[in-house]
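Heads up: the structure comes next, in structure tokens.
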Amino acid sequence: MKLLEERIKLDGKVLSENVLKVDSFLNHQIDPELMLEIGKEFANKFEGVGITKIVTIESSGIAPAVMTGLQMQVPVIFARKRKSLTLNNDLLTATVHSFTKNDTSEISLSKKYLSENDKVLIIDDFLANGQAAFGLVEMVQQAGAEIAGIGIVIEKSFQQGARLLKEAGLRVESLARVASLSNGEVKFINEKVEELI
Ligand code: 5GP
């Protein structure tokens, strides 16, 4: 997605060879117009698939997920990273190791919002090693719902998440695919291909 790639080039900060900071438009301050375009793009990619629910994880997945839900006119459910007092029984849970925080936590969502009649689109802001996405997949499967695919705003293709998810038979659609973050510079997959041509 050209608009997104341009924004990453302009405002993204490469913190290390593995970590990209985009908190001026996605992870802290949010650009609603860009999120709207992201929502449209996901809705186009998964059009006609029969999606009934979108599942994401708090907090950074919520903005792109809500915009996608608005376009597709389906509800959005976000997994919680900490148990809420009001979210105490009938939970779907999974254990997820956080890439950026380097800790392990149990994520959960209420059983009452997913059933075996649902066809789910999973959305997240970043895909690194796939822990968050696999945790969400696990919970959707616990509910007996079908997974239509996974929509990722920024895939770091040099990490293993996308490959592992695809090997597990899941459809992964990423709007920006980062080939490398070497030398403080963001390189996208398509740029690499263009360079080779
Ligand atoms: P994974 O579970 O695929 O290893 O990592 C994905 C999760 O970690 C995302 O939900 C995202 O919050 C966080 N994450 C992974 N890599 C990055 C990154 O380079 N920058 C930021 N801001 N978050 C990341």
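The values are calculated or read from the model by the stated rules, or taken from the named source; none is laboratory data. Given the structure is predicted, the values throughout are model-derived calculations rather than measurements. Cβ placement follows ideal geometry from the backbone for every residue including glycine, while neighbour counts extend to all protein chains displayed.
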> What number of residues within the stretch 156-177 are in a strand (DSSP E or B) and closer than 18 Å to residue 55 by Cβ?
Replying inline: 4
> Of all residues in the stretch 143-167, how many are out of contact with any Gly (no Cβ under 9 Å at 6 or more places or on another chain), more than 23 Å from residue 2 (Cα to Cα) and not acidic (Asp, Glu)?
Replying inline: 5
> away from the ligand (no atom under 13 Å from the Cβ) and either closer than 24 Å to residue 140 by Cα or under 16 Å from the mean Cα position of the chain (by Cα) (or both), is that true of residue 68?
Replying inline: yes
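Residues 30, 77, 38, 8: which one is within 20 Å of residue 145 (Cβ to Cβ), modelled with pLDDT of 95 or more and either out of contact with any Ser or Thr (no Cβ under 7 Å at 6 or more places or on another chain) or surrounded by fewer than 21 Cβ atoms within 10 Å (Cβ to Cβ) (or both)?
Numbers: 30 fails: within 20 Å of residue 145 (Cβ to Cβ); 38 fails: within 20 Å of residue 145 (Cβ to Cβ); 8 fails: within 20 Å of residue 145 (Cβ to Cβ).
Being within 20 Å of residue 145 (Cβ to Cβ), modelled with pLDDT of 95 or more and either out of contact with any Ser or Thr (no Cβ under 7 Å at 6 or more places or on another chain) or surrounded by fewer than 21 Cβ atoms within 10 Å (Cβ to Cβ) (or both) holds for just one of 30, 77, 38, 8, which is 77.
Of the residues 2, 13, which is at pLDDT 95 or above and more than 16 Å from the ligand (Cβ to nearest atom)?
2 is the lone residue from the list that is at pLDDT 95 or above and more than 16 Å from the ligand (Cβ to nearest atom).
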